[in-house]
Amino acid sequence: MSTAAAYALPSADGSFEKVAIERRALGPDDVAIDIKFAGICHSDIHTARDEWGGARYPCVPGHEIAGIVSAVGSSVRKYQVGDRVGVGCLVNSCGKCAPCLAGEEQYCAKGATWTYNNPVPEDVQPGGYTMGGYSTHIVVDEKFVVGIPEGIGLDVAAPLLCAGITLYSPLRHWGAGPGKKVAIIGMGGLGHVGVKIAAALGAEVTVLSQSLRKRDDGLRMGATNYYATSDKETFRRLRGEFDLIINTVSADLPIDNYLRLLALDGTLVILGLPEKPMSVTGRNLAGFRRSLSGSMIGGLAQTQEMLNFCAAHGIGAEIELISADDIDAAYDRVVASDVQYRFVIDTASI
């Protein structure tokens, strides 16, 4: 075993504290990583503050991890010391079920092991549950490590390990590309990456945001159009317009209004998780053979594909780099939508 410095939340209503945590000994299939940057995802906040229930403390969040390989196990062939690598939301899965065999480890039938706050056997991870990337280093099975190409800075690559793949996966699955009209609901940590990726895929991209405050940013990142959803005229003007709509926000939206914006055979994909159950009118689905669906992150192969694509197209997240001492303040600012567009922790400050 080895000891890592980390920032942990001691309780749901506590403040982050610097602590020492144990990382498992390097196994033959393992990669040890010196973490350089760790992104802050809204899921970190929901988990750390026990807003979804079941949080374990001390909680070390972080599943947007970018760093450098410091050691490899005897059986590792894919990576070597000095490589630029990343770790996203997963650190293990059964590897045997149909989803895993199809490269969709995130949908593991037996339940994937998430990068933090996920119970694991005591002999696998000291403490009985995983601890994430707000720390100086981590040890991960080679299969759950991805390479970060030289074309992306490690700091702006970190959020791609969650935000990037969360958008890339549905955009690819539903065929975003030339000749397709794609709308992104929300211009935040997820949405801004979605705009960049959808535009790079060749789709005509529209942003649907509460206001026009970030319009210039949206157009700069590749959107062709930008509309305010607070304007009722938007929903009249855009009826039947889109092949694909991706909802990145967790607010309780009037889903029927957005379904009416879909063209024949269009799909509305839910990424954000609203607090209340959704209700839709059947005729808004049946009338134009529309679909309402959802998506998570992608599997490991697709995550590597996403990173390669982003490097080839010069895509990285728009970030604010912070010290570990600023995590509490950053959490409050994320909740207040006061970040453009993703906070990333410089782990040298740990």
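Just so it is clear, none of the values below were taken in a lab; they were calculated from the coordinates. No experiment lies behind these values; they were computed from the predicted model shown. Because the Cβ atoms are built from the backbone with ideal geometry, glycine has one as well, and the counts that use them run over all protein chains shown.
Calculated FRET efficiency, ALA109 to LEU273, Cβ-Cβ distance, R0 = 25 Å: about 0.75 to the nearest 0.05. Shape of the range 47-137 from the C-alpha gyration tensor: oblate (a/c of 1.5 or more and a/b not above b/c, with a ≥ b ≥ c the square roots of its eigenvalues). Placing a pseudo-label 7 Å from each Cα along the Cα-to-Cβ vector at ASP332 and HIS313 gives an inter-label distance of 3.7 nm. For the range 1-87, applying the loop criterion from DSSP together with a ceiling of 12 other beta carbons within 10 Å to the trypsin sites (Lys or Arg not before Pro) yields ARG77. Do the alpha carbons of any pairs in LYS36/LYS180; LYS214/LYS276; LYS18/LYS214; LYS181/LYS276 sit beyond 32 Å of each other, and which pairs? Where the Cα-Cα span goes over 32 Å, the pairs concerned are LYS36/LYS180; LYS18/LYS214.
Among residues other than GLY151 with Cβ under 15 Å from its Cβ, the summed charge is -2 (Lys and Arg +1, Asp and Glu -1). The overall shape of the chain is prolate: from the C-alpha gyration tensor, with semi-axes ordered a ≥ b ≥ c, the ratio a/c is 1.5 or greater and a/b exceeds b/c. Calculated mean residue ellipticity, 222 nm, the chain: -6000 deg cm²/dmol, from DSSP H runs (n ≥ 4) at -39500 (n - 2.57) each, averaged per residue and rounded to 500. Applying the criteria of a DSSP loop state and at most 14 other Cβ atoms within 10 Å to the trypsin sites (Lys or Arg not before Pro) of the range 252-307 yields ARG289.
Among the GluC sites (Glu not before Pro) in the range 2-67, those placed in a DSSP loop whose Cβ has at most 16 other Cβ atoms within 10 Å are GLU51.
Residue separation of GLU320 and LEU219 scaled by 0.36 nm, minus their Cα-Cα distance, works out to 34.3 nm of gained length. Extension gain, GLU150 to ASP265, is 37.5 nm, computed as 0.36 nm per intervening residue step minus the present C-alpha separation. For the peptides 273-281, 325-333, 162-170, the ranking by mean Cβ contacts within 10 Å, running from highest to lowest, is 162-170, 325-333, 273-281.
Rounded to the nearest 0.05, what FRET efficiency do ALA5 and ARG283 give with R0 = 56 Å and r taken as the Cβ-Cβ distance? Could you check? Don't skip to the answer; put the middle values down first.
Working: r = 57 Å, r/R0 = 1.02.
With R0 = 56 Å, the Cβ-Cβ based efficiency is 0.45.
A crude spin-label estimate for the pair ARG237 and ALA71, with each label 7 Å from Cα along the Cβ direction, gives 6.0 nm.
The Cα atoms of the range 164-294 give a gyration tensor whose axes a ≥ b ≥ c have a/c under 1.5, which makes the shape rounded.
For the pair SER293 and ASP256, the difference between a 0.36 nm per residue extended length and the Cα-Cα distance amounts to 12.0 nm. Distance between the modelled labels on ALA228 and ALA102, one decimal in nanometres: 4.3 nm (7 Å Cα→Cβ projection).
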